[in-house]
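Beneath this line is the structure, given in structure tokens, with notes to follow.
The values are calculated or read from the model by the stated rules, or taken from the named source; none is laboratory data. All of these numbers come straight from a predicted model, not from anything done at the bench. Cβ placement follows ideal geometry from the backbone for every residue including glycine, while neighbour counts extend to all protein chains displayed.
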Amino acid sequence: ALALAEFLASHPAVAAVHHPGVGGDAGGPSRNEQLAESLCPAGVGSVFSFDLAVEEGREWEQVERFVDALSAFRLVANIGDTKSLVAHPASMTHVRLTPEQRAAGGISLGTVRLSVGLEPVRGLIADLERALEAAGVVVPASQGREAHIPAPQGREAKARLDHIDYAEEGAAA
């Protein structure tokens, strides 16, 4: 999970990574890194979240493109498995909360939660990279990269975040 979190933290299409092993300021460990080191000396778990650098007004579309482009991660409402899973808290686990309640809990419309399974790390990173490109998010010009990562055209959506039959998803897991 840490290797994926580090990859995401370095990607221009990612606004933030919420993993205790990532995020030190000015070369020093963050408060979360310090807590994880003292409370979990054997290492932290495989579940973490990150925020896509989505455009205002296009959050749902861009998250949907990202999730639809994943092939190694399975979209489910639960987390924790030997297989890699992805969830979109704003449309799944936190759907009944107001925007203010979600924000207080650190959940934005661009927040994606990953549960990293036992698949090879290289394949998972490649899958995430393809999905980030497919999301078509704007990359801040201050990062000195392309101003926009174009989304592929003509892809059929595998799943619509607003039309998921969760009972069927859970039964198939």
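Numbers for the structure displayed
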read-out	value
Of all residues making up region 40-58, the number that are under 26 Å from P120 (Cβ atoms), aliphatic (A, V, I, L, M) and not in a strand (DSSP E or B)	2
Matching residues, region 59-82, being part of a loop (DSSP other than H, G, I, E, B), out of contact with any helix residue (DSSP H, G or I) (no Cβ under 7 Å at 6 or more places or on another chain) and without any contact (Cβ under 8 Å) to a residue 60 or more places away in the chain	I79, G80, T82
N32 vs. criteria among the polar types (S, T, N, Q), touching a residue at least 60 places away in the same chain (Cβ under 8 Å) and surrounded by fewer than 18 Cβ atoms within 10 Å (Cβ to Cβ)	no
Test: residue in region 105-119 that is surrounded by 15 or more Cβ atoms within 10 Å (Cβ to Cβ), within 12 Å of V63 (Cβ to Cβ), of a type in the set (K, R) and modelled with pLDDT of 90 or more	yes
Test for P12: is it in a loop (DSSP other than H, G, I, E, B), more than 20 Å from the chain's Cα centre (by Cα) and not charged (D, E, K, R)	no
Set G154, G170, G136, G80: member being modelled with pLDDT under 90, buried (at least 18 other Cβ atoms within 10 Å of the Cβ) and over 17 Å from A9 (Cβ atoms)	G136
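Here is a yes/no grid of residues against (1) of a type in the set (D, E, K, R); (2) buried (at least 17 other Cβ atoms within 10 Å of the Cβ):
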residue: F48; (1), (2): no, yes
residue: D51; (1), (2): yes, yes
residue: E56; (1), (2): yes, no
residue: V76; (1), (2): no, yes
residue: L85; (1), (2): no, yes
residue: V95; (1), (2): no, no
